[in-house]
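Beneath this line is the structure, given in structure tokens, with notes to follow.
Every number here is computed from the coordinates shown, using simple stated rules; none is lab data. Because the structure is a prediction, the values reported are computed rather than measured. Neighbour counts are summed over all protein chains in view; Cβ atoms, including those assigned to glycine, are modelled from backbone coordinates with ideal geometry.
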Amino acid sequence: MSSISVPSISVSSPRSLSASASGVLTGTVRVPGDKSISHRALMIGALAVGETEISGLLEGDDVRHTAAAMEALGATVLRPENASQPWRVRGVGIGGLAEPASVLDMGNSGTAARLLIGVIASHPITAVFTGDASLNKRPMARVTQPLERMGATFAGRKGGRLPLSVIGTDHPVPIEYRLPVASAQVKSAILLAGLNTPGVTTVIETHPTRDHSELMLCHFGASIVTTTLADGALAVSLTGQPELTGRRVLVPADPSSAAFPAVAAVLRQGSDLTLTAVGINPRRTGLYVTLKEMGADLAFENIRTEAGEPVADLRIKGSALKGVDVPAERAPSMIDEYPILAIAAACATGTTRMFGLAELRVKESDRLAMVADGLALCGVPVEAGPEHLFVHGTGKAPKGGGFITTAMDHRIAMSFLVLGGVSEDPVTVDDGSFIDTSFPGFVALMNRLGAHIR
Ligand code: S3P
């Protein structure tokens with residue numbers, strides 16, 4: 001166990017990458033741990049009393065920023081010397097966080113920033129948050145507005161953007177809040193603020209978003225009740241000031257990371273790939289539902305539950321795809337997967353119409369614009385509107401050959417590298433360094449399976 005709790009965070013220099021025609025993708029591998037669950041395990045472990053042991057934690061840059069922040073807030077975070085060993089977190093208990101001595105740098109991670117702003121809002125401490133150029137452009141008012149109602153105070157840039165000072169309150173009040181956007185980050189920020197708040201904090205969501213915070217908080221001993229309201233919305237109610245105690249957490253492989261090798265395999269006839277222990281929480285599996293509708297030969301095998309989360313081995317074979325309509329209601333369950341779905345759609349026969357994509361415009365980049373522009377550069381006809389994207393596939397390999405700008409967005413980089421594996425000409429991305437935020441080892445893993453990325 002390393003006594004230096006978290007690795008130093010290096011600023012990577014831009015690294016262009018090129019993908020050319022891949023071979024068939026075969027083999028059995030495990031992709032890195034789930035990013036959403038990894039952030040939550042570190043944060044909730046830091047708020048529990050006693051030791052939490054986390055196996056399978058994603059060691060990507062985003063999660064390292066969370067680990068460093070939890071240390072700066074007074075928890076002890078121990079990184080194992082051997083990656084197969086669990087991380088350990090010694091928590092300070094709810095209400096026990098210390099004021100950080102310097103600015104909290106959240107790097108590229110919206111989840112780290114928004115969830116932690118929620119945690120701090122109900123602690124009587126002040127913290128200043130910043131991030132990289134991508135994160136500092138992203139909207140934070142969606143979390144600061146409800147947290148102000150709980151008693152916290154904020155001073156930030158126009159539009160509530162980072163850098164942002166959070167002045168937590170020592171008299172937090174519980175709120176009932178209906179989410180104006182389908183966002184698990186906003187829901188989680190409010191629930192995490194509700195931990196150190198007396199009484200019941202309720203978040204109402206019209207469209208169910210990922211429930212990893214709820215599942216993990218219950219795993220650590222909190223009481224959360226979810227009820228369905230007359231209009232079909234879900235009310236998620238947390239009773240404040242629970243006693244959270246350290247637990248063992250097993251982080252499943254990330255279904256959002258599995259999406260890249262999975263689509264690469266679907267698009268290459270003859271592929272037969274198994275991705276083990278992938279999280280299949282139904283609020284995350286919209287891409288896999290859609291791929292099946294498109295005709296993908298894809299199966300969840302050996303379904304089981306690990307530490308409260310459903311998990312399966314995902315077997316994918318090369319398949320011919322057809323275009324489909326993807327309804328807006330499905331967006332929350334596949335919000336991070338539209339870039340890679342658009343690549344699959346570019347190779348399908350017929351048009352794939354994706355609706356309800358407004359949130360894509362405020363991710364690590366404006367993903368709707370980045371995907372539409374990148375596909376057009378690679379010879380794929382697309383139509384994009386404020387909230388929709390239509391991709392016209394011909395069932396043949398796209399031309400490719402584009403030089404893709406990634407705008408510090410890991411998923412744009414990985415998506416277009418998958419396209420390069422199935423297009424006539426290689427596809428180059430200007431900077432693959434941000435892939436490390438969510439999928440360290442992506443290039444090596446893909447090449448081991450049959451891809452050609454240099
Ligand atoms: C996440 C929620 C989603 C997703 C992000 C991770 C989370 O964001 O895009 O990558 O861990 O809660 P929104 O809540 O903004 O939709």
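Here are the numbers for the structure shown:
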quantity	calculated
Contour excess over end-to-end distance, with Cα ends at Ala155 and Ala98 and 0.36 nm allotted per residue	18.5 nm
Equivalent ellipsoid semi-axes, the chain, via Cα gyration tensor eigenvalues times 5, rooted, Å	36, 23, 21
Stretch gain in nm, segment Phe403-Val181, where the contour uses 0.36 nm per residue and the Cα spacing is subtracted	76.6 nm
Local net charge near Ser16, Cβ-Cβ under 12 Å (Lys/Arg +1, Asp/Glu -1)	0
Share of alpha-carbon pairs per 5 Å distance bin for region 35-249, given as whole %	1, 8, 17, 21, 22, 17, 10, 4, 1, 0, 0
Computed E for Val225/Lys396 - FRET, C-beta separation, R0 56 angstrom, nearest 0.05	0.60
Charge tally in the Cβ shell below 11 Å around Leu115, where Lys, Arg are +1 and Asp, Glu are -1, Leu115 excluded	+3
Span-rule helices in the chain, defined as complete DSSP H runs reaching 18 Å or more along the axis (Cα) with Kyte mean at least -1.0	35-47
Among Met150, Pro124, Ala112 - extreme Cα towards positive end, dipole of region 92-210, charges at beta-carbon	Ala112
Cβ-based exposure ranking for Asp431, Asp62, Asp34, Asp231, in which fewest neighbours within 10 Å come first	Asp231, Asp431, Asp62, Asp34
Extreme residue, positive dipole direction of region 280-357, given options Thr349, Tyr338, Asn281 (C-beta unit charges)	Thr349
Thr26-Glu293 pseudo-label distance in nm [points 7 Å out on the Cα-to-Cβ vector]	3.3 nm
Residue (of Leu42, Ser134, Ala68) at the positive-pole extreme of region 35-249, dipole from beta-carbon charges	Ser134
Packing-based exposure ordering (other Cβ within 10 Å, fewest first) of Ile175, Ile167, Ile343, Ile54	Ile167, Ile175, Ile54, Ile343
Whole-Å distance, taken between Cα centres, linking region 50-128 and region 180-211	20 Å
Amide H within-cut-off set for Val326, under 5 Å, with H built and near neighbours excluded	Arg353, Met354, Phe355
Length released on extending from Lys322 to Ser18, taking residue separation times 0.36 nm less the Cα-Cα span	106.7 nm
The chain: calculated mean residue ellipticity at 222 nm from DSSP helix runs of at least 4, using -39500 (n - 2.57)	-8500 deg cm²/dmol
Residue exposure sequence - Ile37, Ile335, Ile125 - by fewest surrounding Cβ within 10 Å	Ile125, Ile335, Ile37
Filter on Lys322/Lys363; Lys187/Lys363; Lys322/Lys396; Lys292/Lys317; Lys317/Lys399; Lys363/Lys399 - keep pairs with C-alpha separation over 21 Å	Lys322/Lys363; Lys317/Lys399; Lys363/Lys399
FRET efficiency, Val49 to Glu81 (Cβ-Cβ, R0 25 Å, nearest 0.05)	0.45
Residue-wise HN-Hα coupling along region 399-408, computed from phi with Karplus coefficients 6.51, -1.76, 1.60 (Hz; x: Gly, Pro)	4, x, x, x, 10, 9, 7, 9, 6, 6
